[in-house]
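To keep things clear, I will list the structure first and then write my remarks on it.
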Amino acid sequence: DGVTIKNRGGFVGNDSQMDEWQWELERYPNDLLVSGNQHRVVDGANPACVLYELLTSNEYGIGEPRTRIDVASFRAAADLFFLEGNSFRYLWDSESTIETVKQYIEQQTDSLCVFNHATGLWEIISFRLDYDPLTVPVLDNTMILSTEDNSSPLWEETFNFVYAEY
């Protein structure tokens, strides 16, 4: 004899004694509204979507207004993480701060989620080798116009003054 789930047509087992059930739930947040199912990366969530939820959610996050988020930078990061196959899985089963989870994501993705005071918006900055090394300015000895002698004097050339008022 099994258990029939009402109105669902489901059936669980042939045994009259059921073992304790254990549940494993997964969430793939997409409040960022990334397209093409990119909120899921491989077998985890897109880290940019998770960071967006940590910032904007009143239930799981700090409740920042969505108008204070640079959505373009978050979506660009989401695209990058999806292309890299960089997924986020986290078992939040103990007390930890949102800042701790944020730092964990930043370390994993080699990115920073920062508040830009110039724009008044939160943004994601990803650190990638996406520049041409030949365009980086090089500073070397050929650019030095003059130098000063900053060598330290010998011990015999030093002197000290001690003032004592009484």
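The values are calculated or read from the model by the stated rules, or taken from the named source; none is laboratory data. Because the structure is predicted, anything quoted here is derived from the model rather than measured. Cβ atoms come from the backbone with ideal geometry, glycine included; neighbour counts cover every protein chain shown. The protein model used for the area step is the full one, side chains on, heavy atoms only, and it has no ligands, DNA or RNA in it. Shrake-Rupley method; radii C 1.70, N 1.55, O 1.52, S 1.80 Å.
Along the principal axes of its C-alpha atoms, what lengths does region 68-135 span, in descending order and rounded to whole Å?
47, 30, 18
On a 1.4 Å probe surface of the protein chains, which of ILE98, ILE124, ILE62 comes out largest in accessible area, and what is the full order?
The most accessible residue leads, giving ILE62, ILE98, ILE124.
Would you please report the Å³ per residue occupied by the convex hull of the alpha carbon atoms in the chain?
Per residue, the Cα convex hull of the chain comes to 382 Å³.
What are the ³J(HN,Hα) values, in whole Hz, obtained from phi via the Karplus relation 6.51 cos²θ - 1.76 cosθ + 1.60 with θ = phi - 60°, for each residue of region 150-166 in sequence order, with x given for Gly and Pro?
Per residue, the Karplus-derived 3J(HN,Hα) values read 10, 6, 6, x, 5, 4, 5, 8, 8, 8, 10, 10, 10, 9, 10, 9, 9 Hz.
Which of the peptides 18-24, 76-82 is most tightly packed, and how do the rest follow, going by the mean number of other Cβ atoms within 10 Å of each residue?
Packing order, densest peptide first, comes out as 76-82, 18-24.
Rounded to the nearest whole Å², what accessible area per residue is found for the chain with the 1.4 Å probe?
80
Count neighbours as other Cβ atoms within 10 Å of each site's Cβ, and list the GluC sites (Glu not before Pro) in region 73-166 that are DSSP loop with at most 13 such neighbours.
The qualifying sites are GLU95, GLU148, GLU165.
Work out which trypsin sites (Lys or Arg not before Pro) in the chain are exposed loop sites (DSSP not H, G, I, E or B, at most 16 other Cβ within 10 Å) and give the longest gap free of them.
28-88
What chymotrypsin sites (Phe, Trp or Tyr not before Pro) does region 101-145 have in DSSP loop regions with at most 15 other beta carbons within 10 Å?
PHE127, TYR131
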